[in-house]
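The values are calculated or read from the model by the stated rules, or taken from the named source; none is laboratory data. Fair warning: this is a prediction, and the values are worked out from it, not measured in the lab. Note: ideal-geometry Cβ built from the backbone for every residue, glycine included; neighbour counts use all protein chains shown.
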Ligand code: GDP
Ligand code: MG
């Protein structure tokens, strides 16, 4: 079976944009099981000569606020457990938020399979935010723009090293 890669991080960092870029039209399966897995999406992804199953964790926009944190955590933990590699996405333009720091605490417990990814750095905008990411204790971030397709060679390199 191909390796499983999970995209994790707080809402709005660009997880689904990256998923769509790597999976394109090869969307294999939509799991609309009610509950925490409601908006989980899986697809066959390609990056260079790498092929893998990509999992997008998400869709908490319409969860009620009281349960949002727990749902986000449960969905993320399940995805992490099932994944061979986790792409932990932060928004370099927004900098590190308290929610990012919460996620980082979780990801550090799975540091061996976590790749820190700083998104939204097209045209080198948001590069200042990259320095803050070192505080997360997850190593050097891979800088990308999911929307504009920048940094995909570095992402390839990081995944290749983990497979
Ligand atoms: P998710 O909630 O983590 O899945 O984030 P989305 O993929 O839905 O993206 C959230 C917002 O960030 C959308 O408005 C995207 O267009 C925007 N976005 C995603 N990737 C980039 C990027 O590389 N650069 C910029 N400037 N915006 C991006
Ligand atoms: Mg999303």
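Specify the residue that is surrounded by the most Cβ atoms within 10 Å (Cβ to Cβ); the eligible residues are those in region 117-136 that are away from ligand 1 (no atom under 15 Å from the Cβ) and within 15 Å of residue 87 (Cα to Cα).
Our first condition is that a residue be away from ligand 1 (no atom under 15 Å from the Cβ); within region 117-136, this holds for 131-136.
If we keep only those that are within 15 Å of residue 87 (Cα to Cα) too, we end up with 133, 136.
Values: 133: 22, 136: 20.
The selected residue is 133.
Scanning region 131-160 for residues that are part of a loop (DSSP other than H, G, I, E, B), more than 16 Å from ligand 2 (Cβ to nearest atom) and touching a strand residue (DSSP E or B) at 6+ places or on another chain (Cβ under 9 Å) gives 138, 139, 140, 141, 151.
Residues that are more than 24 Å from residue 145 (Cβ to Cβ), touching a residue at least 40 places away in the same chain (Cβ under 8 Å) and not in a loop (DSSP other than H, G, I, E, B) within region 73-101 comprise 78, 80, 82, listed in sequence order.
Can you name the residue in region 51-72 that is in a helix (DSSP H, G or I) and either farther than 24 Å from residue 20 by Cβ or within 12 Å of the chain's Cα centre (by Cα) (or both) and, of all such residues, is modelled with the lowest pLDDT? Steps first, please.
The initial filter retains those residues of region 51-72 that are in a helix (DSSP H, G or I), namely 65-72.
Remaining after also requiring either farther than 24 Å from residue 20 by Cβ or within 12 Å of the chain's Cα centre (by Cα) (or both): 65-67, 69-70.
Working: 65: 48, 66: 52, 67: 55, 69: 66, 70: 69.
Ranking the candidates gives 65 first.
Kindly check whether there is at least one residue in region 75-98 that is over 15 Å from the mean Cα position of the chain (by Cα), surrounded by 14 or more Cβ atoms within 10 Å (Cβ to Cβ) and modelled with pLDDT under 65. Checked region 75-98: no residue is over 15 Å from the mean Cα position of the chain (by Cα), surrounded by 14 or more Cβ atoms within 10 Å (Cβ to Cβ) and modelled with pLDDT under 65.
In summary, residue 163 fulfils each of the numbered conditions (1) within 15 Å of the chain's Cα centre (by Cα); (2) more than 16 Å from ligand 2 (Cβ to nearest atom) with the single exception of condition (1).
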